Amino acid sequence: MQFDRLNSKAPLAISYLFVPGNRPERFSKAVEARPDAIILDLEDAVHPDSKPAARAAIWAWQETTPSVACERYIRLNSVSSTLFRQDLTWLNDMRFPQRCNGIFLPKAECPEALSRVVERLLQWQPTLKIVAIIETAKGLQQVESIAAIPGLARLAFGSLDFSLDINCSQIPEAFLFARNRIVLASRTADLPSPIDGVTPAISDLAVVAGDSHYARSLGFGAKLCIHPAQLDTVQRAFLPDSRQLAWADRVMSAVATGSHAVQVDGEMVDLPLIEHAQRLLDVARQHTPIARVDAC
């Protein structure tokens, strides 16, 4: 089976909002916050004693909520855990599998095991978008093989767990190698730009904006969020701003005659920059009406 994973015309999600699976009163409120996707969490946000209650809450909400204004994902427990086997049994029994748009697989490490899981999940729901979270040293060491798994939709970076695993500080320099490798692995596997990890700051949106712009500058295309207050800031950071779009418009006007080497704003623009300008405009069109935002 062939997967044209990079060149899909459907707009890619930018903002993914986590919601603890054992807090059903927050499910609809999360949707109302207008993320591109919500992630109903069965893993880190849920105490082991509360896993059964979380599964029951997610099941009930899925059954009683036919449609929502964003994508719905579920983050399962680690593939290597007994909890994951319970998750799979629970999923197989769930009605309306089409109401689940995707699955997040945490602690992705072993390509062979993940490949079997992806195959099994796609049998349950053939259009499922499966995201592997790279959040350990072992996972990073295998990231190229993980990215190449048929049926995988995207990679994500679990920066907090990664810092715990390698005992590093949560600073950009400590994560640079991991971020670069995840971006390159995504590109070589023809996956979309990966999803960056969460920013723990909730009320300090300047920190959220800085983290988001930094991740975007490295090649990430989306971000995991832990609070609705972060969503607008993340969305703006990963979309072209008004100055970028005005530049792109000028570039495309300049090349309308068919030349691949033109001067725009006193600088030479050749084919790579022309293609970059077209990409900015395409992204803006996909995410209309919120694409043309002012620069921060």
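Quickly run through the stretch 195-217 and pick out the residues that are part of a loop (DSSP other than H, G, I, E, B) and either within 21 Å of residue 153 (Cβ to Cβ) or in contact with a Gly (Cβ under 6 Å, 6 or more places away or on another chain) (or both). Let's see the steps before the verdict.
Step one: list which residues in the stretch 195-217 are part of a loop (DSSP other than H, G, I, E, B), which gives 197-204.
Answer for the stretch 195-217, where residues must be part of a loop (DSSP other than H, G, I, E, B) and either within 21 Å of residue 153 (Cβ to Cβ) or in contact with a Gly (Cβ under 6 Å, 6 or more places away or on another chain) (or both): 197, 198.
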Odd one out for residue 243 among (1) basic (Lys, Arg); (2) assigned to a helix (DSSP H, G or I); (3) buried (at least 21 other Cβ atoms within 10 Å of the Cβ): (3)
Residue 201 fails exactly one of (1) more than 29 Å from residue 145 (Cβ to Cβ); (2) at pLDDT 95 or above, namely (2)
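Given the condition hydroxyl-bearing (Ser, Thr, Tyr), surrounded by fewer than 16 Cβ atoms within 10 Å (Cβ to Cβ) and either in contact with a Pro (Cβ under 9 Å, 6 or more places away or on another chain) or touching a residue at least 60 places away in the same chain (Cβ under 8 Å) (or both), answer yes or no: does some residue in the stretch 18-31 qualify? Steps first, answer last, please.
Let us first name the residues in the stretch 18-31 that are hydroxyl-bearing (Ser, Thr, Tyr), namely 28.
Among the residues that remain, those that are also surrounded by fewer than 16 Cβ atoms within 10 Å (Cβ to Cβ) are: 28.
Subset that is either in contact with a Pro (Cβ under 9 Å, 6 or more places away or on another chain) or touching a residue at least 60 places away in the same chain (Cβ under 8 Å) (or both): none.
No, that holds for no residue.
Can you tell me which residue among 50, 78 is modelled with pLDDT of 95 or more and within 22 Å of residue 159 (Cβ to Cβ)?
Working: 50 fails: within 22 Å of residue 159 (Cβ to Cβ).
After applying the criteria, what remains is 78.
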Residue match in the stretch 155-171 (condition: touching a residue at least 60 places away in the same chain (Cβ under 8 Å), of a type in the set (A, V, I, L, M) and not in a helix (DSSP H, G or I)): yes
Kindly indicate whether any position in the stretch 211-221 is within 26 Å of residue 27 (Cβ to Cβ), surrounded by 15 or more Cβ atoms within 10 Å (Cβ to Cβ) and touching a residue at least 60 places away in the same chain (Cβ under 8 Å). yes
Failed condition for residue 191, given (1) aliphatic (A, V, I, L, M); (2) under 18 Å from the mean Cα position of the chain (by Cα); (3) not in a loop (DSSP other than H, G, I, E, B): (3)
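Restricting attention to the stretch 224-281, which residues are β-branched (Val, Ile, Thr) and either more than 30 Å from residue 19 (Cβ to Cβ) or out of contact with any strand residue (DSSP E or B) (no Cβ under 8 Å at 6 or more places or on another chain) (or both)? Even if it seems obvious, please write down each step before you answer.
Going through the stretch 224-281, the residues β-branched (Val, Ile, Thr) turn out to be 226, 233-234, 251, 255, 257, 262, 264, 269, 274.
The answer is 233, 251, 255, 257, 262, 264, 269, 274.
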What tally of residues in the stretch 97-128 results from selecting those that are without any contact (Cβ under 8 Å) to a residue 60 or more places away in the chain, part of a loop (DSSP other than H, G, I, E, B) and surrounded by 12 or more Cβ atoms within 10 Å (Cβ to Cβ)? 7
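The values are calculated or read from the model by the stated rules, or taken from the named source; none is laboratory data. Just so you know, these numbers come straight off a predicted model, no measurement behind them. Reconstructed Cβ throughout: ideal geometry from the backbone, glycine too, with neighbour counts over all protein chains shown.
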